[in-house]
There are 2 protein chains.
Amino acid sequence: MPQRTVFFVSDGTGITAETFGNSILAQFPAKPRHVRRPFIDSIDKAAEVVREINEVAEREGKRPIVFATLVNTEVRDTLTAEACKGLVMDMFRTFVEPLEEEFGVKSNHRVGRFSDVSKSQEYTERIEAINFSLAHDDGQSSRNLDIADVILVGVSRSGKTPTSLYLAMQHGIKAANYPLIPDDFERGQIPSSLAPYKRKCFGLTIDPARLAQIRHERRPGSRYAALENCRHEVREAEAMMRREGIAWLSSTHKSIEEIATTILRDIQPDRLIY
Amino acid sequence: MPQRTVFFVSDGTGITAETFGNSILAQFPAKPRHVRRPFIDSIDKAAEVVREINEVAEREGKRPIVFATLVNTEVRDTLTAEACKGLVMDMFRTFVEPLEEEFGVKSNHRVGRFSDVSKSQEYTERIEAINFSLAHDDGQSSRNLDIADVILVGVSRSGKTPTSLYLAMQHGIKAANYPLIPDDFERGQIPSSLAPYKRKCFGLTIDPARLAQIRHERRPGSRYAALENCRHEVREAEAMMRREGIAWLSSTHKSIEEIATTILRDIQPDRLIY
């Protein structure tokens, strides 16, 4: 496919436009050029974007694809006017209007997930969750584990840290994480500070060959990274999780989004922020 | 509005369905109950979800709203069949099919952003960015600042840490962050380790009253949290950023998504992952 440009146009951050647009574009082999135009909240700014789209259309000889999340009708009309040479995918008109009919109320045309974060309890809890997850990364602290929503366990470099931070950032989940280390395997028990919270524990495991590869990047040639050692640690960790009745999954081929979704589905924490 | 249930049905994690659905729902005053049904990748599983939707429709006397991202046509047909009593918002059919026509190619019906993370260079870079941002949180390390994409500066509790982690996680940006502390104000200069990288620095400031409130939650009654001290630090930090020619914004009313988007727009780092 020839060069093609995709615009993400939004009156807010454009994150919704981009997430959705990318999931649509992932269905195609093309690797189009991305242009983001956030904070387009006036007719003038929209007209400027239309000029830009038309220049690109002219230069590339192909209609740019435009993913738009514009709440204000006049701003939106500017973008979807015939003068615009892009193929506009208007997410709000397509879905908001049928919902107005279904709900029997007009939409309130609010932009973004948080109108003013300083007044949002939900937002405050999300920031607190990030701070909690940071303070409880890699077994740094056993304090306040009683208020953790989930405690991830697994061998070093199995994906616990990014998953914990993602759970906190995206879902406001207080996620602690604890490494399982050779000492634990010798003792044959999970770290004693976790014992009262087994119900909240979730395990991550990983294919030993992949683990060795990741560890070699960090500490090339070390015993820590040796395949034989990785095999041993993973085997011991899996045996321990099985013995303790801790649910677990393999992170080998999964993104942090997929891991997090599975954990949420299985653990169903009470305080889940949507 | 009476109780209403919203389903997010996806063959992957459902993150796209949820992000998009929530941005649509945010336009309405309702607070519907959320039900997630990820990993619906077979006709049987879809039929089970339809049964659930119909039970809810019966119980609540209102059509459930269903946001769906289902790539497989047969699975999708099961959900959108007449037997389903939900109002189905089918994001793929609505937008993927017009694009097939525009591109002149069939979509490859791939699910999710990452098909196999262990083979994805983009995913690896994202995890590296998270590790970098963690290692360079709160001025912990001056090593490798040359490879940072952005360095956030600002007084303690101005929002640097969550913003750095978000930039790393969402955009694969290596974001370091450095606190501006009273020592820096006395010396009248940014930390010396940052001097060579001023071009990559971006400042966060915050309303002193809000800062005092946040700090009081951490250390109630401390001098650190006193309004007078917060006023002083913020004034000094803003003066310093102005003097050093560092672009900055106020995080007071902004979510980390909004802050991150503004930074990306202004700094335009080279290695931006989409």
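Every read-out reported here was derived from the displayed coordinates using simple, explicitly stated rules and does not represent laboratory data. Computed from a predicted structure; not experimentally measured. We place every Cβ from the backbone using ideal geometry, glycine too, and count neighbours over all the protein chains shown.
What is the Cα coordinate range of chain B on the first, second and third principal axes, sorted by size from largest, in whole angstrom?
Principal extents (largest minus smallest coordinate, Cα): 72, 44, 30 Å.
Tell me the angle of helix A:121-135 to the major Cα principal axis of chain A, expressed in degrees between 0 and 90 and rounded to the nearest ten.
Here the helix axis deviates by roughly 40 degrees.
Which angle from 0 to 90°, rounded to the nearest 10, does the C-alpha axis of helix B:227-244 make with the longest principal axis of chain B?
With both axes taken from Cα atoms, the answer is about 90 degrees.
Report ³J(HN,Hα) in whole Hz for each residue of segment B:205-220, in order, from the Karplus equation J = 6.51 cos²θ - 1.76 cosθ + 1.60 where θ = phi - 60°; Gly and Pro get x.
Each residue's phi maps through the Karplus curve to give 10, 7, 4, x, 5, 5, 4, 4, 4, 5, 5, 5, 5, 7, 9, x Hz.
Relative to the compact globular guide of 2.2 N^0.38 Å, what is the alpha carbon radius of gyration of the protein assembly as shown, as a ratio?
Numbers: Rg = 24.3 Å, N = 548, 2.2 N^0.38 = 24.2 Å.
The value comes to 1.00.
To test your reading of the geometry: what angle, between 0 and 90 degrees and rounded to tens, separates the Cα axis of helix A:43-60 from the longest principal axis of chain A?
Roughly 90 degrees, rounded to the nearest 10.
If contacts are Cα pairs under 8 angstrom and at least 6 residues apart, what is the relative contact order of chain B in percent?
After rounding, I find 14 percent.
Starting from a label point 7 Å past Cα on the Cβ side, list the distances from residue A:135 to the same position in the other copies, nm, shortest first.
Ordered by increasing distance: 2.6 nm.
Relative contact order of segment B:69-223: what whole-number percent is it, with Cα pairs under 8 angstrom and at least 6 residues apart?
About 20 percent, as a whole number.
Give the nm distances, rounded to one decimal, from residue A:213 to the matching residue in every other copy, measuring between label points 7 Å along Cα toward the beta carbon; shortest first.
4.8
Along Cα→Cβ at 7 Å, what distances in nm separate the residue A:104 label point from those on the other copies, shortest first?
Taking the point 7 Å beyond Cα along Cα→Cβ, the inter-copy spacings are 5.1 nm.
Residue B:160: which lysines have alpha carbons under 24 Å from its alpha carbon, excluding same-chain residues fewer than 8 sequence positions away?
Leaving aside lysines fewer than 8 places away in the same chain, those within reach of residue B:160 are A:119, A:160, A:174, B:174, B:198, B:200, B:254.
Dipole of segment B:5-103, Cα-centred, from +1 at each Lys and Arg C-beta and -1 at each Asp and Glu C-beta, to the nearest 20 debye?
Here the size comes out at about 680 debye.
Give the order of A:10, A:222 when sorted by the count of other beta carbons within 10 angstrom, beginning with the fewest. Please list the in-between numbers first.
Details: A:10 26, A:222 11.
Ascending number of Cβ neighbours within 10 Å: A:222, A:10.
For a Förster distance of 45 Å, can you work out the FRET efficiency between the beta-carbons of residue A:30 and residue A:124, rounded to the nearest 0.05?
0.65
For segment B:5-103, which semi-axes, largest first and in whole Å, follow from the square roots of 5 times the eigenvalues of its Cα gyration tensor?
Over the Cα atoms of segment B:5-103, the ellipsoid semi-axes are 21, 17, 12 Å.
Going by Cα centres, segment B:1-56 and segment A:187-208 are how many Å apart?
One Cα centre to the other: 32 Å.
Taking every eigenvalue of the Cα gyration tensor of segment B:200-274, multiplying by 5 and rooting it, what semi-axes result, largest first, whole Å?
On the way: eigenvalues 147, 48, 15 Å².
Each semi-axis is the square root of five times an eigenvalue, giving 27, 15, 9 Å.
Quick one: B:78, A:13, fewest Cβ neighbours within 10 Å first, how do they rank?
Ranked by crowding around the Cβ, least crowded first: B:78, A:13.
Kirkwood Rh, segment B:118-267, all Cα pairs: how many Å?
Averaging 1/r across every pair of different Cα atoms and inverting gives 15.6 Å.
Which of the trypsin sites (Lys or Arg not before Pro) found in segment A:135-194 are in a DSSP loop and have at most 16 neighbouring Cβ atoms, other than their own, within 10 Å?
A:143
With a 10 Å Cβ neighbour count serving as the proxy for reagent exposure, in which order, fewest first, do B:122, B:257 appear?
B:122, B:257
Please list 3J(HN,Hα) in residue order for segment B:165-174, calculated via the Karplus relation 6.51 cos²θ - 1.76 cosθ + 1.60 where θ = phi - 60°; whole Hz, with x for glycine and proline.
Rounded to whole hertz, the list is 5, 5, 4, 5, 5, 8, 10, x, 8, 7.
Could you give each residue of segment B:144-153 its phi-based ³J(HN,Hα) in whole Hz, using Karplus coefficients 6.51, -1.76, 1.60 with θ = phi - 60°, and x for Gly or Pro?
Values per residue, Gly and Pro as x: 6, 4, 4, 9, 5, 7, 8, 10, 8, 10 Hz.
Quick query: amide H of residue A:203 versus all other amide H atoms, modeled in the peptide plane; which residues come in under 5 Å with a sequence gap of 5 or more or a different chain?
A:153, A:247, A:248, A:249
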